[in-house]
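The values are calculated or read from the model by the stated rules, or taken from the named source; none is laboratory data. Predicted model, so just to flag it, every value in this text is computed and none were measured. In this analysis, Cβ positions are derived from the backbone assuming ideal geometry, glycine residues included, and neighbour counts consider all displayed protein chains. Quick note on the areas: whole protein, heavy atoms, side chains included, nothing else; ligands and nucleic acids left out. Shrake-Rupley method; radii C 1.70, N 1.55, O 1.52, S 1.80 Å.
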Amino acid sequence: MKKIDFCCTALSLLDLNRVSQRLKIKRLGGKFHYFAELGSTNVHAWALAEQGAAEGEVIIAEMQTQGRGRLGRRWESPPAVNLYFSVILRPRLTTADAPQITLMAGVALAETIDAFIEQRPVIKWPNDILVDGRKLAGVLSEAACNSEHIDHVILGIGLNLNYRAVSMPPEIRERATSVADLTGNNVDRESVLVRLIHNLDRCYGELEDYGFEALQPRWDAYFGLRGRRVRIENQEQVLVGRAQGIDRTGALMIEDDRGELQNVYAGDVIPLES
Ligand code: BT5
């Protein structure tokens, strides 16, 4: 990636003191680790969590040189236009329920984005937020756990705010979008961050206190593929069928072409013609 000299450019950087003052909660966002540049906020957060960092600490960077998606994919992370951050969580959940963290973040993201754009955001299971079929945000959750208990989860979020299509690399230009591209105006990144952390704090609290059932109706309302024919690809299989929604563990339920219900726990969903 091209190196950017921050001193010589008129980039508007985040002021985390201002963000902290606006946060009325203390559980998530009680402490920020701010970087002008980082390889990956998830990698750094993982190292801090291993050293005993507390739940709710947020690692945030203006740009990432090795922003990560799932399965070693890349997350484009140019400087000072978007949000790239990771939250350290130490949830009171069993290992089996760990995938619900990603789903919880999807609800918090969708509810946040809804406040800044006219169009309705759509959740694409398990971790994408799409608007008009283009990707606006992605979630990467990584958990350290044994067979029963979770030690920590690193919840990483990338959200495109003032990233214009003209600046995007050709590989994603047709498939990605940003709040600025959707509204025609730049958005105040700190306002989005404050609202997003509030919403994450609230949704995370609901998940821990009442279980995923408390969030599922809202997740369902943002889910864009119910009844659509989809192809699911993961390391074990390729499955074609009709998406029915998610079960209480967060698995995607697919009715296959023999009419049997299959639960899918990981993979990429590709919508097909209905
Ligand atoms: C994701 O992976 O969507 C998870 C992205 C998580 C990024 C955050 S940023 C903060 C934290 N630190 C990290 O290192 N990561 C997290 P996946 O479903 O595998 O999607 C990756 C695919 O999305 C890529 O292969 C591209 O096709 C596309 N993509 C890459 N950058 C994008 C961007 N900025 N906007 C939209 N799409 C993008």
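Quick check on segment 242-274: of everything there that is touching an Asp or Glu at 6+ places or on another chain (Cβ under 9 Å), under 20 Å from Leu130 (Cβ atoms) and not hydrophobic (A, V, I, L, M, F, W, C), which residue is nearest to the ligand (Cβ to nearest atom)?
Residue satisfying both the conditions and the ranking: Asp268.
In the set Arg27, Arg74, Arg68, which member is away from the ligand (no atom under 13 Å from the Cβ) and open to solvent by 20 Å² or more (accessible area, probe 1.4 Å)? Walk me through how you get there before you give the answer.
Values: Arg74 fails: away from the ligand (no atom under 13 Å from the Cβ); Arg68 fails: away from the ligand (no atom under 13 Å from the Cβ).
Answer to the selection: Arg27.
Give the residues of segment 208-228 that are open to solvent by less than 30 Å² (accessible area, probe 1.4 Å) and under 21 Å from Arg70 (Cβ atoms), sorted by residue number.
Residues satisfying the conditions are Phe212, Trp219, Tyr222, Phe223, Leu225.
Please go through segment 229-274 and pick out each residue that is open to solvent by 90 Å² or more (accessible area, probe 1.4 Å) and hydroxyl-bearing (Ser, Thr, Tyr). Give the derivation first.
So in segment 229-274, the residues open to solvent by 90 Å² or more (accessible area, probe 1.4 Å) come out as 235-236, 238, 248, 257-258, 260-261, 265, 273-274.
Hits for segment 229-274 are Tyr265, Ser274.
Among the listed residues Glu190, Glu206, Glu174, which satisfies the condition of being acidic (Asp, Glu), within 18 Å of Arg92 (Cβ to Cβ) and modelled with pLDDT of 95 or more? Even if it seems obvious, please write down each step before you answer.
Details: Glu190 fails: within 18 Å of Arg92 (Cβ to Cβ); Glu174 fails: within 18 Å of Arg92 (Cβ to Cβ).
Every option except Glu206 fails the conditions.
Which condition does Gly156 not pass, out of (1) closer than 21 Å to Ala266 by Cα; (2) part of a loop (DSSP other than H, G, I, E, B); (3) within 11 Å of the ligand (Cβ to nearest atom); (4) not hydrophobic (A, V, I, L, M, F, W, C), if it passes all the others?
The failed condition is (2).
List the strands (runs of 3 or more DSSP E) that sit entirely inside segment 171-274 and contain at least 3 residues that are over 30 Å from Gly30 (Cα atoms), touching a strand residue (DSSP E or B) at 6+ places or on another chain (Cβ under 7 Å) and not β-branched (Val, Ile, Thr). I'd like the intermediate steps shown before the answer.
On the way: elements: 229-233, 238-246, 252-256, 261-264, 268-271.
The qualifying strands (runs of 3 or more DSSP E) are 229-233, 238-246, 252-256, 261-264.
Given (1) closer than 24 Å to Pro126 by Cβ; (2) among the β-branched types (Val, Ile, Thr); (3) within 15 Å of the ligand (Cβ to nearest atom), where does Thr94 come up short, assuming only one miss?
Result: Thr94 fails condition (3) only.
Working carefully through the options Leu48, Leu13, find the one that is out of contact with any Pro (no Cβ under 7 Å at 6 or more places or on another chain), on the phi < 0 side of the Ramachandran plot, of a type in the set (A, V, I, L, M) and away from the ligand (no atom under 15 Å from the Cβ). Steps first, please.
Values: Leu48 fails: away from the ligand (no atom under 15 Å from the Cβ).
Just one listed residue meets the conditions, Leu13.
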